[in-house]
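Right, one structure below, let's go through it.
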């Protein structure tokens, strides 16, 4: 597989604690990877370092772009900012969308920041919202949408620009189990259908079980990686609220998105 | 257990939980409202103290001074009261989330109202006492100001009961504003958490304001027919005061109209964000620029005062010369007080606006919005309506004062020069406050973990 994001000896300290301790990590193009671990294990810090939100204290992060490899740890703030809006997409637990904007404006904003004109941006944003089951809700403010619908808006925003890597931090953490399954379906299908790489930080074993690869962190170190044949915790059957699809199911279901969003 | 007893027990817990991170959130939770209440109290006491000398005179010309004093006091006190109400809302808004959480946990409406009122009143009391201290420091200097060739002297000092009354009034204002400002939390705690609807700013506001100004114009035209001098002063002061309140009422509606039009025409992200920021809460946006509207209103009176002084300057007799000098002194004091109010209002509201939007700013930064675009959206949201609100305020003041002065006096160059200078100074103060807010954006983004949860 082609490595798209590669981190070497990543180290990050917080006052009084070490969040990442010489972590080596590679994400391949098209993979869906769950990063799991207990609270304080460093998983969100790893995600933020890989996404260029946080700077590591030591180590390197390389993003392989079609033109040339980019070293994220050496880029200036402005260049990192540009990278985040052009190459990456984000889905956070609380959506981190703008409450004053409508659903379509929230999605379109990502395109407008990249210089696309407003009419084109809103048109493409509306297509994404429709494909994610939000047709007719484009002009609603976020407060008028349910938690699951808000996360769909965030998923649309994360991908409307054609981001090659989507970072999700507890994307279903604030949702009930049925809505959580729906949102995860939408996220996995849409990402897989467009050949994007997905990195999900999660506490939820059910979310992890539906990703192609699971990486476990503890005390700032990777202690398990399913890509290396290490043990991966499975979802407890008793907590299963809806049928859990495997990666093949995801890819098949994702075909629905391929035609609509060949970005 | 009564709601008040429950509120008295819970309020210290809320205060304690914020105390653990006081250094980080102190400014946000308590500092800004205390600063605003302190400034309001100090200025109110200074205005009251400085003007009481006029009421000690009983000779023929005393009436002229008293009329001018009433105009100056109304022009300063109404904006100060609105700033006080704004500070109270600020104090209450700091607690929106926690109070909404308490509602979700089952605390009843009355408990939440009492807690809000108690917290805001305590902050107001602290600020008001500090303001009184500031007044005590400035009163000796205030006593050096001369009217009718003599220093105000001990007249600058208010009696202790008057000072206590002023502190009490500020506390009552804070309590009432806090209770009114949190109606949404009480009624729909979930609505506040998710901000389901944007603040409304109905067209009826514009209609009421227009009617008030029209009545004011008619009343000013009939001023001489009111007979008794005290009635004339009361009507004049009432007209100016009501017009200022009407402007405050109409302002958010004007801003909403303008932002709606800008939203339709918005092409870039900063224009979209600026328009949506105003539409999200026209009332909050008005608080950012309302100070300049008030100062512009005052600016017309200042300009007229300068024109009157300019005209009388050639009269020659001693009494007239003193009156000219005193009008100039009064005009400068009114203007200084007005600008102090604008500076305080702009500074407090800008700081509050950036802190309120901190989590949004962090979100925008994470998705890659350049900082200069965030700054551009913020500057545009505040500065672009300034010309409009300043113009409307000045026009309203000119219409009101026209029956008194006549067109000849109102169109003298000194009036236009003064109004232009007041506009420019007001804009500069707001721009400086926006620049300070912009620097705050940098501080927010430098420590995003304060405003967005980061699980290491």
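Is segment A:71-194 best put as rounded, prolate or oblate by its Cα gyration tensor, with a ≥ b ≥ c the root eigenvalues, rounded for a/c under 1.5, and otherwise prolate when a/b is larger than b/c, oblate when not? It comes out oblate by the Cα gyration axes.
Modelled this way, with points 7 Å down the Cα-to-C-beta line, the labels at residue B:408 and residue B:164 are 5.4 nm from one another. Reducing segment A:135-195 and segment B:414-435 to their Cα centroids gives an inter-centroid distance of 47 Å.
Classify segment B:383-437 from the C-alpha gyration tensor, please: rounded if a/c falls under 1.5, else prolate or oblate depending on whether a/b exceeds b/c. It comes out prolate by the Cα gyration axes.
Inter-chain neighbour count for B:267-276: the average number of beta-carbon atoms from partner chains within 10 Å of each residue's beta-carbon is 5.
What is the distance in Å between the Cα centroid of segment A:74-97 and that of segment B:289-342? The two parts, judged by their Cα centres, are 54 Å apart. Once divided by 2.2 N^0.38 Å, the Cα radius of gyration of segment B:293-390 becomes 1.70. The order of B:300, B:342, going from fewest to most other C-beta atoms within 10 Å of their C-beta, is B:300, B:342. Residue by residue along A:108-119, Cβ atoms of other protein chains within 10 Å of the local Cβ number 4 on average.
Mind checking which of A:60, A:180, A:123 has the largest fluctuation in a GNM of chain A, springs on alpha carbons under 10 Å? It is A:123. With q set to 0.08, 0.14 Å⁻¹, the log10 of I(q)/I(0) for segment B:255-451, from the Debye formula over equal scatterers at the Cα positions, is -0.35, -0.81. Applying 1/(1 + (r/R0)^6) with r as the Cβ-Cβ distance of residue A:203 and residue A:22 and R0 = 35 angstrom yields a FRET efficiency of 0.90. Specify whether the C-alpha gyration tensor of chain A places it in the rounded, prolate or oblate class, a ≥ b ≥ c being the square roots of the eigenvalues: rounded for a/c under 1.5, otherwise prolate if a/b is larger than b/c and oblate if not. Oblate, since a/c reaches 1.5 and b/c is not below a/b. A crude spin-label estimate for the pair residue B:59 and residue B:336, with each label 7 Å from Cα along the Cβ direction, gives 2.5 nm. Across segment B:347-456, Cα-Cα pairs farther apart than 16 Å form 67% of the total.
If the segment from residue A:39 to residue A:139 were pulled out straight at 0.36 nm per residue, it would be longer than the present Cα-Cα gap by 32.3 nm. Projected label points at residue A:3 and residue B:215, each 7 Å from Cα along the beta carbon direction, are separated by 7.7 nanometres. Across chain A, Cα pairs under 8 Å and at least six residues apart give a relative contact order of 25 percent.
FYI, it's all coordinate maths here, none of it is from the lab. Fair warning: this is a prediction, and the values are worked out from it, not measured in the lab. In this analysis, Cβ positions are derived from the backbone assuming ideal geometry, glycine residues included, and neighbour counts consider all displayed protein chains.
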